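Following: one structure in structure tokens, then a few remarks.
The values are calculated or read from the model by the stated rules, or taken from the named source; none is laboratory data. What you are looking at is a predicted structure, and each value in this text was computed from that prediction instead of being measured. Neighbour counts are summed over all protein chains in view; Cβ atoms, including those assigned to glycine, are modelled from backbone coordinates with ideal geometry.
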Amino acid sequence: MRDEADYPDPGRVERRAADPVESARAGRLWWDAAADAYQADHGAFLGDADFVWCPEGLTEAGADLLDLARTRDGRFLEVGCGAAQCARWLRSQGVREVVAVDVALRQLQHARRIDGEGGITVPTAQADAQRLPFADNCFDVVFSAFGAFPFVPAAVDALAEAGRVLRPGGRWCSR
């Protein structure tokens, strides 16, 4: 585990209302600065192409929360992907259409590095969970393992955004 000094100083912390734009900017700045330390601390646990749902180590391979036998041919979106380990695992399981988004460019740079090292690539986009850059009803499965929803000021708004891009009858899953 890295020293806390490897993570950005959060500065003066206070509780106050923040709109989605301010929240996204703050999250992007912090996660861009913290991405290297986060990947150094947690990358081995998360794996390069594994799908870990929670700190307790529950994996998608063991839990099958996404019901891959039924959903494998659909379009998947990972929200708050970090270095896209979960999306990469889905690709390794035969899911052809999976996109991963994260607010932090530096996390997505780690995704590109891992893509190059492992040979499994995942399309990614830099995006905030509160404003996803996709059309309505375009994904069959939307999921988030570790990212995004605990870090936004109003999770209900981010969940509504996930619901907007999810097709009717689609599957939403988060830890």
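General observations
- Residue selected from segment 115-127 under the condition part of a loop (DSSP other than H, G, I, E, B) and over 16 Å from the mean Cα position of the chain (by Cα), by the criterion surrounded by the fewest Cβ atoms within 10 Å (Cβ to Cβ): GLY119
- Sole residue being assigned to a helix (DSSP H, G or I) and on the phi < 0 side of the Ramachandran plot, chosen from CYS86, CYS173, CYS81: CYS86
- For VAL142: the one exception among (1) of a type outside the set (S, T, N, Q); (2) more than 13 Å from the chain's Cα centre (by Cα); (3) not in a helix (DSSP H, G or I): (2)
- Single match in ALA69, ALA49, ALA111 (criterion: closer than 30 Å to ALA135 by Cα, modelled with pLDDT of 85 or more, in a loop (DSSP other than H, G, I, E, B) and not aromatic (Phe, Trp, Tyr)): ALA49
- Cross-chain or 6+ apart pairs with Cβ under 9 Å, segment 120-144 first and within 15 Å of GLY74 (Cβ to Cβ) and modelled with pLDDT of 95 or more, then of a type in the set (Asp, Glu) and assigned to a loop (DSSP other than H, G, I, E, B): ASP140/ASP73; VAL141/ASP67
- Residue match in segment 103-114 (condition: surrounded by fewer than 21 Cβ atoms within 10 Å (Cβ to Cβ), under 22 Å from GLU161 (Cβ atoms), out of contact with any strand residue (DSSP E or B) (no Cβ under 6 Å at 6 or more places or on another chain) and among the aliphatic types (A, V, I, L, M)): no
- Residues in segment 48-65 that are hydrophobic (A, V, I, L, M, F, W, C) and touching a helix residue (DSSP H, G or I) at 6+ places or on another chain (Cβ under 6 Å): ALA49, PHE51, VAL52.
- Residues that are farther than 22 Å from LEU46 by Cβ and in contact with a Phe, Trp or Tyr (Cβ under 8 Å, 6 or more places away or on another chain) within segment 113-154 comprise PHE139, ASP140, listed in sequence order.
- Yes/no for PHE134 being within 28 Å of ALA26 (Cα to Cα), touching a helix residue (DSSP H, G or I) at 6+ places or on another chain (Cβ under 6 Å) and assigned to a loop (DSSP other than H, G, I, E, B): yes
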